[in-house]
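I have placed the structure first, in the form of structure tokens, so that the comments after it can refer back to it.
The values are calculated or read from the model by the stated rules, or taken from the named source; none is laboratory data. Remember, predicted model here, so these are calculated numbers, not experimental data. Cβ coordinates were reconstructed from backbone atoms using ideal geometry, including for glycine residues, and neighbour counts include every protein chain displayed. Just the protein is used for accessible areas: all its heavy atoms, side chains included, with ligands, DNA and RNA removed. Shrake-Rupley method; radii C 1.70, N 1.55, O 1.52, S 1.80 Å.
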Amino acid sequence: MTELAILLSQLPPSVAHLAENALRRIPLLRRQLDRQYDALMAELDASLHPYRGRLTAYSRLPAQGRPREEILAEMTTVQETEQRRWREGYVSGAVYHGDPAHIDFLNQVYALNSQSNPLHFDLWPSTVKYEAEIVSMTAHLLGASHTSDPVVGAVTSGGTESILLAMRTYRDRARAERGLQRTRIVAPTTAHAAFHKAAQSFDMELVRVPVGPDLRADVEAMAAAINRNTVAIVGSAPSFPHGVVDPIPELAALAQARGVGLHVDACLGGFVLPFARELGYSLPDFDFRLPGVTSMSADTHKYGYAAKGSSVVLYRGEALRRYQYYAVADWPGGLYFSPTLAGSRPGALSATCWAAMVNMGEAGYREAAAKILATGQLLRRWIEQIPELEVLGEPLFVVAFTSRTLDIYRVLDAMNARGWSLNGLHRPPAIHIAVTLRHTEPGVAQRFLDDLRAAVEHVKMHPTDKGGMAPVYGMAASLPMHGVVEELLRRVVDALYKVE
Ligand SMILES: *Cc1c(COP(=O)(O)O)cnc(C)c1O
């Protein structure tokens, strides 16, 4: 496989891709690949199925139901083990608040509303009220009071759904108003994978434009990628990989000049960046204050500190939002409509989101942002002081770093061995930590630094350690092996669904 990778890497990318697809179908190579996959999957096996042999595995319904107390007892034990890493601040992102009193409060709100479903707005008008207010509160955080256009939106199940909906909305508007059949989205390479998913799901073309040396969107290159089919361009505030904010004012001006939409993905930054400037961080406008910004996404289930399963998609003007709705008047099941992709929805999650927002208030979010941004800057300075490491771009609260001298994925593995769960990145190879409130607790940042120093020393002493994610990332980094790694990822998903 290595020789194959080297051979393929010498071909131009488009040829390499075709060659790779053809080669993967040659029986001998196919068998070799399968052996490699099996070996990699065997290595991941234990981490994918830690409960094998320890908990009962149900491949069929138990003949008789298990007693509630027994189920609760088992889940309590499991939760106690699983919460250790995130609660003690060993995890990048994932749990953004995590304070026990906050979680208890959310759980109480969930319990009160557990049967609610906003599809039945007549039965649960309270949930409808919560959702309208979540949208309005988020819109006002993101500049709605500084524009005369109404900023409207919807509550969705997460950042991915917010982005899917926004992209489909632009497509459907272009179909209806411009008669466009083929539609194009222009996004920087650093835009979230959800934009690829949207393009794939809704049969749109996604042009991925390389970013500049500062890892921010290259406005000129984005301009060059806009054609007559283009319905929207994308900017991130900040980007998931490197936590840098794209030049949104320039992108907004470009979008306006070319008559296309601009979606600002603030899934990550929506509840932090609005406070950054007043806290002394330099940051240009990134929201609806800029007339060219026509839609945004902001994840309430990240730095909005709601429970997982909620996000907000926002639009400039009612007319654009209307393309998102679904309505049918000739279905035997009755007059039916839904604002988002789902039909029935967990109203309890919206109630929980509303409660988190109203409980935090502006002051609560500001205070949390101050702590998170300060910790981000602290980590950034500390990482910069480790000679083997290099911080990428100008990070705020997601800090990405690489190494010129070490295999950064071995550093990732060495951090993993010390209990940390950080994110691997590629192009360029790097890792990142998304700072949450967990990392602002006393001692956590210092422990990160100590462990990172130790991990770097370990990799220097043992540069050829085997195992972990390093070989997989290494393989993915060689462009022609791209399809091979995607196939591996699909096998990982298969493995996750295995009952063991
Ligand atoms: C998390 C994230 C998303 C996707 O959100 P999910 O809630 O995981 O679906 C999109 N964009 C950015 C910048 C993100 O950080």
Matching residues, the stretch 58-87, being assigned to a loop (DSSP other than H, G, I, E, B) and open to solvent by less than 90 Å² (accessible area, probe 1.4 Å): Pro62, Gly65, Arg66, Pro67
What's the number of the condition Pro247 fails, among (1) within 13 Å of the ligand (Cβ to nearest atom); (2) within 25 Å of Val391 (Cα to Cα)? (1)
Taking the stretch 16-70, which residues are acidic (Asp, Glu) and over 16 Å from Leu488 (Cα atoms)? Glu69, Glu70
Restricted to the stretch 88-110 and to residues being of a type in the set (Phe, Trp, Tyr) and either open to solvent by 90 Å² or more (accessible area, probe 1.4 Å) or more than 16 Å from the ligand (Cβ to nearest atom) (or both), the residue farthest from Lys308 (Cα to Cα) is Tyr90
Could you list all residues from the stretch 286-324 that are of a type in the set (Val, Ile, Thr) and open to solvent by less than 10 Å² (accessible area, probe 1.4 Å)? Val293, Thr300, Val312, Val313
So which residues in the stretch 159-195 are surrounded by fewer than 18 Cβ atoms within 10 Å (Cβ to Cβ) and within 11 Å of the ligand (Cβ to nearest atom), if there are any at all? Ala193
All positions within the stretch 420-462 that are on the phi < 0 side of the Ramachandran plot and charged (D, E, K, R): Arg438, Glu441, Arg447, Asp450, Asp451, Arg453, Glu457, Lys460
Single match in Ala455, Ala417 (criterion: open to solvent by 40 Å² or more (accessible area, probe 1.4 Å) and aliphatic (A, V, I, L, M)): Ala417
Reported set for the stretch 103-136 where residues are of a type outside the set (Gly, Ala, Ser), part of a helix (DSSP H, G or I) and in contact with a strand residue (DSSP E or B) (Cβ under 9 Å, 6 or more places away or on another chain) is Tyr130, Glu131, Ile134, Val135
Only listed residue being open to solvent by less than 10 Å² (accessible area, probe 1.4 Å) and in contact (Cβ under 8 Å) with a residue 40 or more places away in the chain, chosen from Ile226, Ile233: Ile233
Within the stretch 164-186, is even one residue over 17 Å from Leu314 (Cβ atoms) and under 19 Å from the mean Cα position of the chain (by Cα)? yes
Can you tell me which residues in the stretch 269-285 are open to solvent by 10 Å² or more (accessible area, probe 1.4 Å) and either farther than 14 Å from Leu141 by Cα or within 16 Å of the ligand (Cβ to nearest atom) (or both)? Pro274, Leu279, Gly280, Tyr281, Ser282, Leu283, Pro284
If we only count helices (runs of 4 or more DSSP H) wholly inside the stretch 419-500, which ones have 1 or more residues that are modelled with pLDDT under 90 and within 29 Å of Thr375 (Cα to Cα)? 470-477
Taking the stretch 142-158, which residues are touching an Asp or Glu at 6+ places or on another chain (Cβ under 6 Å), outside any loop (DSSP other than H, G, I, E, B) and either open to solvent by 50 Å² or more (accessible area, probe 1.4 Å) or within 16 Å of the ligand (Cβ to nearest atom) (or both)? Val155
State all residues of the stretch 382-400 that are of a type in the set (D, E, K, R) and closer than 24 Å to Ala217 by Cα; if no residue qualifies, say none. Glu384, Glu390, Glu394
Can you tell me which residues in the stretch 481-500 are open to solvent by 90 Å² or more (accessible area, probe 1.4 Å) and either more than 22 Å from Arg60 (Cα to Cα) or of a type in the set (Lys, Arg) (or both)? Leu489, Arg490, Lys498
Considering only strands (runs of 3 or more DSSP E) wholly within the stretch 293-408, the ones with at least 1 residues that are basic (Lys, Arg), within 24 Å of the chain's Cα centre (by Cα) and more than 16 Å from the ligand (Cβ to nearest atom) are 311-316
Residue in the stretch 111-141 that is surrounded by the fewest Cβ atoms within 10 Å (Cβ to Cβ), counting only those that are among the aliphatic types (A, V, I, L, M) and within 26 Å of the chain's Cα centre (by Cα): Ala132
Consider Arg52 against the criteria (1) modelled with pLDDT of 85 or more; (2) loosely packed, with under 10 Cβ neighbours inside 10 Å: it satisfies all of them except one. Which criterion is unmet? (2)
Which one is modelled with the lowest pLDDT, of the residues in the stretch 1-12 that are within 20 Å of Leu488 (Cβ to Cβ) and not aliphatic (A, V, I, L, M)? Thr2
Index of the failed condition, Pro213 passing every other in (1) more than 16 Å from the ligand (Cβ to nearest atom); (2) in a helix (DSSP H, G or I); (3) of a type outside the set (Lys, Arg); (4) more than 30 Å from Trp354 (Cα to Cα): (2)
Within the stretch 232-261, which residues are among the β-branched types (Val, Ile, Thr), in contact with a strand residue (DSSP E or B) (Cβ under 6 Å, 6 or more places away or on another chain) and not in a helix (DSSP H, G or I)? Ile233, Val234, Val260
